[in-house]
Amino acid sequence: MEKLHKILYIINDNQYVNQRELADKSGLSIGGVNGIIKELEELGYLIIEKEKRKSIYKLTESGLKNLEQSIQKEKNKKIKMHQEINKKVTQAVILAAGKKEEFGMPIAFLDLDEKKIIDRFMDILNEHGIERVVIVTGYKSEYYEEYAKKNKNIVLVKNDKYKWSGTMMSLSMVKDIIDDDFLLLENDMVFEERAIKEILKSKDRDCMIITSESGSGDEALVEIRDGYVYKMSKDIHQFNKIDGEMIGISKISYKVFEKMLEQFKENKNPYLNYEYMLMDIGREYKIGYKKIDDLVWSEIDSMNHYNKFIKRIYSRLLRKEQEIKINNIKQKLKDILKIEENEIEEIVPAGGMTNKNYLVKISGQEYILRMPGNGTESMINRVNEKHNSTLANELYIDTDILYFDEITGIKISKLIENAETINAQTAKREDIMELTTSILRKLHTSKLEFKNEFDVFSEIIKYEDLLKKANGKNYEEYKDIRNKVMKLESQLQNLDREIKPCHNDTVPENFIKGNENKLYLIDWEYSGSNDPMWDLAAHIIECDFSEDEEELFLQKYFQTSNIEEKYKKKILIFKICQDFLWSLWTNIKEAKGDDFGSYGIDRYNRAKENLLKL
């Protein structure tokens, strides 16, 4: 059929063409052309008239219609850029150079309850695995410069020509920073978290979020054909049909970004916006979409927009997000436990530093559901955790586990009745020290065989690699301090280092007191065979024991007032190692968007002080 259309196209252009010319122009043989001419006559697409000895080829109405259809099909054909789908995206670009004078600040710094719009952006991106955020600034860039000081995963690029350029100019400025697929966001909007979740899930590596028309009067309208974006414009008069509205959330592959940059090299219009450049690429390559009809979102272009959003939309957005989270948790519980929805009576957030925990009530029984935090899979071996926590449960020092998925890290455990979480202050009481030292001694003297060994020096190397991948930074004098810390390994061996089952994260909050004064030790994420003095050192520094309190704690553990010096020295060495390791851990988390204030640097400085003591 393609050959027939090729001949029809040539004849349509010149009805006086002869068969030799048809052969030359089509690349077919004269015999092949002759056969096609006969077939076109039989189909009724072509009639041949004679003028003297010359043949005149004329397309019939049906021939012309068939040619039109074939050309239209060719127009709609687009190239699939990538064979690989579902590529993990860890970078984002926020376009934030624009000027809105009536606010007197970048829109991203407007208030949303107790946080700013930019805080919400960063929280959502961090939650979904975005490790580096490039922000293109312009108007009042000092706001972002100050903000970036506390967010190590932010990279700033300034567009000094923001007054005289469009968003494509801003996007082009990240070419030396972006090195892989990325999310592209506009800063003048607030949207539901699921918009990011859905676009990251999309099989199309180049795609955009679209919604139903908002009626704002400034919509970027979209037409879809054959499952891909066909047309986009703010001019409604250009459309035969409208399938939705682009809101300013896109996923761009690195290859498409390179093509956008290549075309922009010839740009003579500095006011070009990136979405129209993207559509230029979309004429030849497939640009996908994800439509979320009921997405709650708002563009904020004016004070009127902002006031309307705060008064009418924001509370609805938060309710919708919470409802979706609860429904997702309900579905997980139904699938995991094979229960009906009416058996799930209550779901309440229960905090968590590394993970997200929920109190769930099922058929009158209360449990704690743990949803692993983003990025924990690279730092925690869930197979080891499941094995070790199961053994701890059999030793009756942890709660009953109802469900544990070592792949996802989701865990459901029985809630401790009348629970009292130990804190740094209550841990200093003598009666609590009796309980904590008793449970640690029980663990350390047990015959439990953990699957793994927790070696701090190997962990330091692993964390350094993770920090490098997250583009994080080390503290000053790091190399010198690191060398001193790594040399402590030989000192430990000379002090008769022991290998016993250990918890390795004995912060006071991991000790829970229940009924009848029974103490539980929870959260075995970092557990593994280690020297028991690690657990003692961890508890001492996490509870900020004074020298006298540390002395009492050790007497309780060893059940004697005569503590051997080798144990005291090992504890000091492990204090140094822990402060050093967890300062590294903090840098990794902060490189991925978390904010721990001075926690990391405080621990690093204390490690340096204790090195001097040692």
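Shape call for the range 427-510 from the C-alpha gyration tensor, a ≥ b ≥ c root eigenvalues: rounded (a/c under 1.5), prolate (a/b greater than b/c) or oblate?
The shape class here is prolate.
For the chain, what does the relative contact order come out to in percent, with C-alpha contacts under 8 Å and a separation of six or more?
Computed over the chain, the figure is 11 percent.
Starting from a Cα-only point model with no solvent, please compute log10 I(q)/I(0) by Debye for the range 492-614 at q = 0.11, 0.18 1/Å.
Result of the Debye calculation: -0.42, -1.09.
May I ask which of Lys150/Lys575; Lys251/Lys330; Lys556/Lys613; Lys87/Lys197 have a Cα-Cα span longer than 20 Å here?
Exceeds cut-off: Lys150/Lys575; Lys251/Lys330; Lys556/Lys613.
Considering all alpha-carbon pairs of the range 319-415, what whole percent are spaced by more than 18 angstrom?
That tail contains 48 percent of the Cα-Cα pairs.
With just the Cα atoms defining each centre, how far is the range 329-368 from the range 436-451? Give it in Å.
30
Less than 13 Å Cβ to Cβ from Ser253, Lys/Arg counted +1 and Asp/Glu -1: what total charge do the surrounding residues give?
Net local charge, Ser253 excluded: +2.
Please list 3J(HN,Hα) in residue order for the range 125-142, calculated via the Karplus relation 6.51 cos²θ - 1.76 cosθ + 1.60 where θ = phi - 60°; whole Hz, with x for glycine and proline.
5, 5, 4, 10, x, 7, 9, 9, 10, 9, 10, 8, 9, x, 4, 6, 4, 4
In the calculated pair distance distribution of the chain, what percentage of Cα-Cα distances lie above 46 Å?
In whole percent, the share of Cα-Cα pairs in the chain beyond 46 Å is 37.
What residue among Val136, Leu466, Leu64 has its Cα farthest toward the positive end of the dipole of the chain, where the charges are +1 on Lys, Arg and -1 on Asp, Glu, each on the Cβ?
Among Val136, Leu466, Leu64, the one farthest towards the positive end of the dipole of the chain is Leu64.
Of the listed pairs Lys234/Lys255; Lys241/Lys311; Lys25/Lys50, which have alpha-carbon separations greater than 29 Å here?
With Cα atoms farther than 29 Å apart: Lys241/Lys311.
Can you sort Glu323, Glu131 so the residue with the fewest Cβ neighbours within 10 Å comes first?
Glu323, Glu131
Long-range amide H contacts for Lys451: which residues qualify at under 5 Å (H placed 1.01 Å from N, peptide plane, sequence gap of 5 or more or a different chain)?
Asn388
Hey, can you grab everything whose amide H is under 5 Å from the amide H of Lys290? Only 5+ residues off in sequence or another chain; H modelled, so Pro and N-termini drop out.
Residues meeting the criterion, in which the H sits 1.01 Å from N, are Met208, Ile209, Ile210.
If you plug each phi of the range 424-430 into the Karplus form 6.51 cos²θ - 1.76 cosθ + 1.60 with θ = phi - 60°, what whole-Hz ³J(HN,Hα) values come out, in order, with x for Gly and Pro?
Computed from phi, the couplings for the range 424-430 are 4, 7, 5, 5, 7, 6, 5 Hz.
If packing is taken as the average count of other Cβ atoms within 10 Å, what order do 282-288, 421-427, 479-485 fall into, highest mean first?
With the highest mean Cβ count within 10 Å placed first, the list reads 282-288, 421-427, 479-485.
Give a residue-ordered list of calculated ³J(HN,Hα) values for the range 185-196 (Karplus: 6.51 cos²θ - 1.76 cosθ + 1.60, θ = phi - 60°; whole Hz; x for Gly, Pro).
For the range 185-196, the Karplus curve yields 10, 9, 7, 9, 8, 10, 9, 5, 4, 5, 4, 5 Hz.
Could you calculate, for the range 91-301, the ratio of the Cα radius of gyration to the Kirkwood radius, expressed as Rg to Rh?
Expressed as Rg/Rh, it is 0.93.
Say each of Gln322 and Asp179 gets a label point 7 Å from the Cα, pointing the same way as Cα to Cβ; how far apart are those two points in nm?
4.3
May I ask which of Lys149/Lys589; Lys231/Lys268; Lys88/Lys175 have a Cα-Cα span longer than 18 Å here?
The answer is Lys231/Lys268; Lys88/Lys175.
Add +1 for every Lys or Arg and -1 for every Asp or Glu among the other residues with Cβ under 13 Å from the Cβ of Glu340, and state the total.
Summing Lys and Arg as +1 and Asp and Glu as -1 gives -1.
Please give, to one decimal in nm, the separation of the simple spin-label points placed at Thr445 and Lys99, each 7 Å out from Cα toward the Cβ.
Taking the two extended label points, one gets 7.5 nm.
Dividing the alpha-carbon Rg of the range 2-76 by 2.2 N^0.38 Å yields what?
Output field value: 1.04.
Tell me the mean residue ellipticity at 222 nm calculated for the chain from its helices only (DSSP H runs of n ≥ 4, each -39500 (n - 2.57), averaged over every residue, nearest 500).
-13000 deg cm²/dmol
Net charge around Met371, counting only other residues with Cβ within less than 12 Å of its Cβ (Lys, Arg = +1; Asp, Glu = -1)?
+3
Each reported figure results from applying straightforward, stated rules to the coordinates on display, with no laboratory input. Being a predicted model, the structure only gives us computed values, none of them experimental. Reconstructed Cβ throughout: ideal geometry from the backbone, glycine too, with neighbour counts over all protein chains shown.
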